[in-house]
Every structure is written in C-alpha cells, then in structure tokens.
Amino acid sequence: MSSGTEESEVEIPEVKEATGTGIPIRGNDIDTDQIIPARFMKVVTFDGLGQFAFFDLRFDDDDEEKDHPMNEDRFKEASIMVVNANFGCGSSREHAPQALMRWGIDALIGESFAEIFAGNCLALGIPTVTADTETIEDLQDWVDENPDADIEVDVEAEQVHYGDRTVDVEVDDAQRRALVDGVWDTTALMKSNADATRAVAESLPYVDLD
Amino acid sequence: MSERTLYDKVWEKHKVTELPTGQTQLFVGLHLIHEVTSPQAFGMLRERDLEVAYPELTHATVDHIVPTADQSRPYSDDAAETMMAELEENVREAGIQFDDPTTGNQGIVHVIGPEQGITQPGKTIVCGDSHTSTHGAFGALAFGIGTSQIRDVLATGCVAMEKQDVRKIEVTGELSDGVEAKDVILQIIRKLGTEGGVGYVYEYAGEAIEDLGMEGRMSICNMSIEGGARAGYVNPDETTYEWLAETDEFEDDPEAFERLKPYWESIRSDEDAVYDDHVEIDGDALEPMVTWGTTPGQGVGINEPIPEPEELPEAKQDTARRAQEHMRVEPGDTMNGYEIDVAFLGSCTNSRLPDLRRAAKLVKGREVHEDVRAMVVPGSQRVQKAAEEEGLKEVFTEAGFDWRNAGCSMCLGMNEDQLEGDEACASSSNRNFIGRQGSKDGRTVLMNPRMVAAAAIEGEVTDVRELKEVSLA
C-alpha cells in the first residue's frame, strides 16, 4: 500500500469564522427527512440538492410556495442558519447538510445538534455552534427584525457577533481545531498514517488481509 | 487492566493514532456499503485519484431503492436503475463483494451482516446508514457515518472520531406476554428523549436483555440512534456465540470459531467497569408500546393516555402539539382503536425470521381488515426463503397480506412502497417522522411486529394481548 502522498492535493481551507445574514428555522427535533425528503436522494451526486432543502415544508402538492423562511425574499441571501434543539436528528444522510450548503448555508447556530448531522457538517467545513435556549431565541428574533444585517460566527473565539451584541457560544473541541487549523477533511491526513493503520489491522485476530 | 467497558477495549484495539484535532483515527474492521450513500464517496475517490484501501473488509448490498415487487432489470424506476448500475460499477472496479439480488444473499444491510456471520463481537463496523448501530447486538462497535466519512473509510480503512461516554441501560425483570424488544427500546427513548443519547454510547444490559435472542437485541440496538446515541451494544454471551456458530463464517470452520472466541470473551465489559451514566428500566412493568406522534420518543403503552403537551418538558411541548395535530389524536385518549389504512411488517428493526413467525401465529386463520392494505417485506432473501419454506408466506398471503421481496421498502419510501395522502400506517419500522414513509401527510404509528399483525386484522391499533394466537403446524 502506498503511503498517501501521491494523490492530487486537496485544498482544505481554514474556517476560522463565517459571516453573513441570518435565517431562523424554528422548532425542536427537526429531522433529516424534513431537511431533505428521501425521494430527492435517488441521485448519484450531491449536485442540485440545494433546491430541495426543506422541500415539503416549502411547497404544497401543487408546488406552490408555503409560508417558510426559506421562501421569503428577505432571507434569500442568508448564509447563517439559526435553529433550535436536536436539529438534524434521524438518518446519517449527508444529503441533509449538502442540501443546506448548496442552498447557501455556511454555518449553523443552534441549541443542540444530532451527532451524525454535526459530524457530516464538519466533514464539509460547516461549523455547528451551540448556545442556550434564550440566546438562540433572542438571535432568531433579532434575525427576523434585521434580515439584512450580518452575523459573525467566530469559531476560533467561540463567539457570535451581531448588531452591537457579542454572545458566547460553544464549539466542540475537535470541531474547533479541525475547522480553525483546516484539517476537517481527514482523508489525506489519515492516509499519511497508512503504515500504522496496516499494523493495527494485522494485530486484530479477526482481520484476514488479502 | 480492569474497570473497562467493551467500548473502551474495542476502541483501544482499533486506535491507529490521535489526530491533530484530538480525534482518534480508528481502524474499521467491516465497512458495509449500499447504493444510496456510497456513489458520491466513490466519486470523490475518483476526483482525488484514490483507491479503495481494504476491499476485502468492505461488503456491499442493495436495499434502499430496490423494488420489492418486480425486480427484473432494468428497474422500472430509472433513478433506481441508475443507482444500482453505479453501485455495480463501483464494486466491480474496486473488487468488493456485492450481494446483489441474483446471489440469494441480498437484503437490508443490517440483516445480511449478522446472518452471514461477518458481524462479530469486537469488530468496528461502519456504514453510511444511521441504523448501523444494529450490529452492536453482537458486541461490535457499530455506527452510522456520512458520505464524506465513507470516502475516508474507503481511502484509508479508518474513520476520525471522538471518544464518547458510555451509559449503561439496565433493563430489569422479565418481559410479560405480548411485550417485545421493540417495546423496550420505545420505552427507553421515551424515558431518555430523542436527544438523550447525544455524546453517549449505550450499553444494554440486565436480565430482560440477556433473555432476548439475537433478533430482539438487534431491534434494540437498531433504534439507539432514535434516542440520539450513535452506537449501542450488548456484551456477547452464549446466545451470541450460538448464533455465530451457525453462520457462513463459522459453520464449516469451527477452528476459526475457537480461535476467535477468546477475543470475543476478552472484550466483554469488566464486572467492575466504570460507566459515565447508569439508567434502570423496569422490564416487568412494560406493556406493548405505540407511538402517538412524529418522533420515536412520542410513545405510550397501548392502554395509556396520550399526554397533554403541557405535561411534557417545555422543550417538547411545541413538537407534541404539532405532532398531535398531524396525527389527529387527542390528549387523554389511548391509541387503542386508532384506525389504520396500511400495515407494514418489515425494516431493519423488525423483519427477521422470528419477527415474521410471531406475527404469523396471530395472522393464521384470520383475514386482513377490508379497509387495510398490508404487506410483509422480509429483511433479506434468506429470511424470505426460510419463511417460505416453513409456510409463513402462505399464512400471510391467505390472510390477505402482500408478500414482497427483500428491501427497506416502506420504512423510508424510496421505492414504490409508499403511503398515499394521509394514510395511517401501523409499522414495525423505526421512524415516524413526517413524510418518512413517502407521503408528507402520511401518519405512521410505530409498534412491534405482532402489534402490526393485530392492527392489520382489526383495521385499527389493537392490544395484541386481546387476540388469541394459533400454533403454527
């Protein structure tokens, strides 16, 4: 096995912060079937998934727009999504964060995130930062009032700046380091440990390598 | 060393190194892949000019989009055909074993791994599917991953992860008649919440768990993710070893069995293992559970009143109100008598042979209610074949059930098996999310497989204990 330096280098940007206007998506336990209904996963690439984000909440049976923040002109350019608790629960489909990213989302601020969803976001370089209920609800209300104003998510300092306010947020340690140091895409990094990997494989009683 | 859990031990054995992020680079002993979440990962490999590092530890099947009625190629659904063709090409190029429907070994990924014996204690197992936790029933450390992580595993044989805490969930006592593993996990999720397991791996223990067969343990571990826990496991014991001894891996190779057994024994949690949290569930007190809402945490006993949203923790009240509106249920009522239009017996939670056997005992000599369309979707081709050989197919079809081929089917509505309009479905699957079964107005009621059979016959959610069983000849 090769030691992993031959493949074309993939540029992994550092994500120290994300800045943009916000969009509030309210409600606890928003699951991945709501974020991207399964029928839009019958594809072999992630291209074009952005238009299907939250599809069933955005469109009725006749494809007419329903009341949903993502249909409102004032939020069309938003890149910071502000959500409540247990966002992204359910399936492991990376199609969910892919759809949000392709719609234009660069970062999520919420009360809490489902684990696999947060991991999938990290693998795309999208921060999922958390704060308490009150902080989140205040921010959602502020975004409603100030749809054209920027929110700055400072991943490194674990703070969010908006208007004249600065609030503390939490970023999981490994997530923060991975984003800030630009090591959130772990393929090349792990491949550089190919020899150590093979040694572990060979040490396991059940592994029978070809 | 003592005081360690199975999780600690398996983690340590598979740890390659610590990454600069603080995450562990963890070696993956078995990588299961399917058609929905893998094609993009193979695409990324091609873009980066990378190859599959450990094809011999990778195993593929097709389950999510496969039609369960007419499986002749090309599939009538073009998108499904494209996905299948893509998977065929990817596994051929990489030299990965693929259990396609022509092999007789195809099925839901979480059914075929255990039945072939490649799911084993002390392995690390990943798959691009959140119900990978199922394999924890064998004492494996198994969890779902996203597509970028699939790329990682394909390219490196490893996944980057942070170590989590372990919560021991002890289910005491004995389950009473009519109560099954499914009811245990629905109660656990109700009690601990849909996000209660975030940051934890669940170790299921206690008399009621030890008394379960492997299928029951799989049903419980399967739904760990519904409680927010990415992985759940049961320590391996004689029940586990008896299952393994009869699988392809070991049936003709008793030496391999004997060689591995000490390893399996060694990774059991120590008697004095230290847990980060401990929860007890009273198994004696359980009754058959059903969900009234749109998250798996919204469950009640069949004869228990649906809660007033105000009685619930504040963070759950809005979700409960919206769920009750969607499901058209009233607080104070029970789910007993809730009319259904569809009955679905299948999914990676409950589609194994004992599930079908138990349901068939109720169905025998009865008829599906005239207003209900009912289907049985075996979890794998092997389950299907075994069930047909013991006459279960006749029992179901004579009663008016549709008998289908293996796949995920109506659990997530990615093939033609879907709810229509606002149909209500008694379902043995794992998620009652709005839109999950293919219709955004559809209403899903989760329950154990015998309860599904009872609902199919009565046309409404029914306490299975009120129906007599017939012994199958």
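Rule-based calculations on the coordinates, nothing more; no lab input. Just so we're clear, the structure is a prediction, and the values are computed from it rather than from any experiment. Note that each Cβ is placed from the backbone with ideal geometry, even for glycine, and that neighbours are counted across all protein chains shown.
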Roughly how big is chain A's charge dipole about its Cα centre, with Cβ charges of +1 (Lys, Arg) and -1 (Asp, Glu), in debye to the nearest 20?
-> 660
Can you tell me the Rg and Dmax of region B:290-466, counting just the alpha carbons, in angstroms?
-> 15.7, 52
Looking at B:Trp403, B:His369, B:Ala343, which one has the Cα that reaches farthest to the positive end of the dipole of region B:290-466 (charges on Cβ: Lys, Arg +1; Asp, Glu -1)?
-> B:Trp403
Let me know the mean shielding of B:56-65 by other chains, meaning the per-residue number of their Cβ atoms within 10 Å of its Cβ.
-> 2
Between region B:222-239 and region B:75-97, what is the C-alpha centre distance in whole Å?
-> 31
If unit charges are put on Cβ atoms (+1 for Lys and Arg, -1 for Asp and Glu) and the dipole of region B:211-271 is taken about its Cα centre, the option from B:Thr239, B:Ile267, B:Gly227 lying farthest towards the positive end turns out to be B:Gly227
MRE, 222 nm, helices only [DSSP H, n ≥ 4, -39500 (n - 2.57), over the protein assembly as shown, to nearest 500] = -9000 deg cm²/dmol
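Can you order the peptides B:99-107, A:134-142 by their average number of other Cβ atoms within 10 Å per residue, highest first?
B:99-107, A:134-142
Mind putting a number on the dipole of the protein assembly as shown about its Cα centre? Charges go on the C-beta only, +1 for Lys and Arg and -1 for Asp and Glu, and I need it in Debye to the nearest 20.
Values: 58 positive and 139 negative charges, 262 e Å.
My answer is approximately 1260 debye.
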If each of B:Glu3 and A:Glu11 carries a label point 7 Å out from its Cα toward its Cβ, how far apart are those two points in nm?
-> 5.0
State log₁₀ I(q)/I(0) for region B:206-328 at q = 0.20 Å⁻¹ as given by the Debye formula over alpha-carbon point scatterers of equal weight, solvent excluded.
-> -1.25
For residues of B:11-20, the mean tally of beta carbons on other chains within 10 Å = 4
Tilt, helix A:133-145 to longest principal axis of chain A (alpha-carbon atoms), in degrees rounded to tens, equals 60
By how many nm would the segment from B:Asp211 to B:Glu304 grow when fully extended, if each residue of separation counts as 0.36 nm and the alpha-carbon distance is taken off?
-> 30.9 nm
Set of lysines with alpha-carbon distance to A:Lys42 below 21 Å, sequence-local pairs under 8 removed | B:Lys440
Two pseudo-spin positions, 7 Å from Cα along C-beta at A:Glu152 and at B:Asp272, lie apart in nanometres by 5.4
Among A:Val43, A:Ala174, A:Ala149 - extreme Cα towards positive end, dipole of chain A, charges at beta-carbon = A:Val43
Which length gain, in nm to one decimal place, applies between B:Glu51 and B:Asn336 when the Cα-Cα distance is subtracted from 0.36 nm times their residue separation?
-> 97.2 nm
Would you mind finding the longest exposed-site-free stretch of chain B, with exposed trypsin sites (Lys or Arg not before Pro) meaning DSSP loop and at most 14 other Cβ atoms within 10 Å?
-> B:1-327
Arranged from highest to lowest average of other beta-carbon atoms within 10 Å per residue, in what order do the peptides A:15-27, B:452-464 appear?
-> B:452-464, A:15-27
If one computes P(r) from the Cα atoms of the protein assembly as shown, what percent of pairs lie at distances over 37 Å?
-> 33
Zero-based 10 Å bins, Cα pair distances in chain A, whole percents = 8, 31, 32, 18, 8, 3, 0
Using the scaling law 2.2 N^0.38 Å as the reference, what is the normalised Cα Rg of region B:370-472?
-> 1.07
Does region B:433-473 classify as rounded, prolate or oblate by the C-alpha gyration tensor (a ≥ b ≥ c root eigenvalues; a/c under 1.5 gives rounded; else a/b over b/c gives prolate, otherwise oblate)?
-> prolate
Pairwise Cα inverse-distance average, inverted: Kirkwood Rh of chain B (Å) | 22.5
